[in-house]
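Just so it is clear, none of the values below were taken in a lab; they were calculated from the coordinates. Because the structure is a prediction, the values reported are computed rather than measured. All Cβ positions, glycine included, derive from the backbone under ideal geometry; neighbour counts span all protein chains shown.
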Amino acid sequence: CFGVSGMIHIKTPEELAKMREAGRIVALAHDAVRTSIRAGMTSRELNAICERVITEAGATPSFKGLYGFPAAACISINDLLVHGIPDDTVLKEGDIVSVDIGACFEGYHGDSAWTYAVGEISEADRRLLQVSEQALFEGLKYARAGNRLTDISHAIGEYVFAHGCSIPRDYTGHGVGREVHEDPAVPNFGPAGHGVLLKPGMTIAVEPMVIAGRPQTRTLKDGWGVVTRDGSRTAHFEHTVAIANDGYEILTTLKKEEHPENG
Ligand code: MG
Ligand code: MG
């Protein structure tokens, strides 16, 4: 019952229905983060909100235990790019906080990250968030059947570089479905016209990770958190989408919208 293209699983309508529900639950958790985040709370408290929303909706947190990750959400503050472990760090006014959330519903995963402002943030950070969020949608303009995978990558990279930001070398988006991470890897830069031919029913997580300064990163001693070497700030915007004939469908959303695109 699975169409398979290489190692890429084409989802059936029944599977897409489960992924829609997984994605809706991820979006519910983001909604809770958006309305709760404030200076004075800890990243551990924010993680607890995510975990509660996911479990109360009848799903399980995809990341908890994934490769040994200890929490429901990755919470990465300021120069932390990805894979921040929630802890007793207190959020401060002016922080930018990337929250990456996965939920598994009836065996299917949704995966979405968003970067939130804590109170008033600097103009430079506001711009970083705008560029990073728009980079996601610039890439998604090319998410449609008949295009090549790296058409998405190229659009993201060109947009980010044109706005004077950088992209880390070693982190990509990915296929998503029965596993959180499936083939193919979805790079965030590079030449267009390469990689798999996009087909209806492919489900991918597109996730630009954007750095305001230089692209070099290092991993913290905890073995998880990835920070920028130059201390510059970072943002991360991700949606799980299903490829359609005439565009894409965002699965990690509470809104029901069609996204036909002309990429
Ligand atoms: Mg994610
Ligand atoms: Mg992801």
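Which residues' amide hydrogens lie under 5 Å from the amide hydrogen of residue 84, considering only partners 5 or more residues apart or on another chain, with H built in the peptide plane?
75, 76, 226
For the range 1-60, state which trypsin sites (Lys or Arg not before Pro) are in a DSSP loop and have at most 16 other beta carbons lying within 10 Å of their beta carbon.
38
Under unit Cβ charges (Lys, Arg +1; Asp, Glu -1), what dipole magnitude, rounded to 20 debye, does the chain have relative to its Cα centre?
It works out to roughly 220 debye.
Going by amide H atoms built from the backbone, whose H comes under 5 Å of the H on residue 42, apart from near neighbours?
91
Taking +1 at the Cβ of each Lys and Arg and -1 at the Cβ of each Asp and Glu, which of 35, 22, 48 sits farthest along the dipole of the range 8-61 towards its positive end, judged by Cα position relative to the Cα centre?
Among 35, 22, 48, the one farthest towards the positive end of the dipole of the range 8-61 is 35.
Explain nothing, just compute: Karplus ³J(HN,Hα) = 6.51 cos²θ - 1.76 cosθ + 1.60, θ = phi - 60°, for every residue of the range 33-40 in order, whole Hz, x for Gly and Pro.
Per-residue couplings from phi come out as 5, 4, 8, 9, 5, 7, 4, x Hz.
I need the phi-derived Karplus couplings for the range 177-192: 6.51 cos²θ - 1.76 cosθ + 1.60, θ = phi - 60°, integer Hz, Gly and Pro marked x.
Couplings: x, 6, 10, 5, 10, 10, 5, x, 5, 10, x, 9, 6, x, x, 6 Hz.
Using each residue's phi in the range 45-55, evaluate 6.51 cos²θ - 1.76 cosθ + 1.60 at θ = phi - 60° and report the 3J(HN,Hα) Karplus result to the nearest Hz, with x for Gly and Pro.
In residue order, the calculated couplings are 5, 5, 4, 5, 4, 4, 5, 5, 4, 5, 6 Hz.
Report Rg(Cα)/(2.2 N^0.38 Å) for the chain, keeping two decimals.
Compared with the compact-globule rule of thumb, the chain sits at 0.94.
If you take every residue apart from residue 78 with its C-beta less than 9 Å away from the C-beta of residue 78, what net charge results, scoring Lys and Arg +1 and Asp and Glu -1?
Once all neighbours under 9 Å are counted, the net charge is -2.
Given the rule -39500 (n - 2.57) for each run of at least 4 DSSP H residues, summed and divided by the residues of the chain, what is its mean residue ellipticity at 222 nm, to the nearest 500 deg cm²/dmol?
-9000 deg cm²/dmol
Near the amide H of residue 217, under 5 Å away, which other amide H atoms are found, from residues 5 or more places off or on another chain, if H is placed in the peptide plane?
Residues meeting the criterion, in which the H sits 1.01 Å from N, are 229.
Counting Lys and Arg as +1 and Asp and Glu as -1, what is the net charge of the other residues whose Cβ lies under 12 Å from the Cβ of residue 12?
Around residue 12, the surrounding residues sum to +1.
Over the chain, what is the relative contact order in whole percent, taking alpha-carbon pairs under 8 Å and six or more residues apart?
In percent, rounded to a whole number, it is 22.
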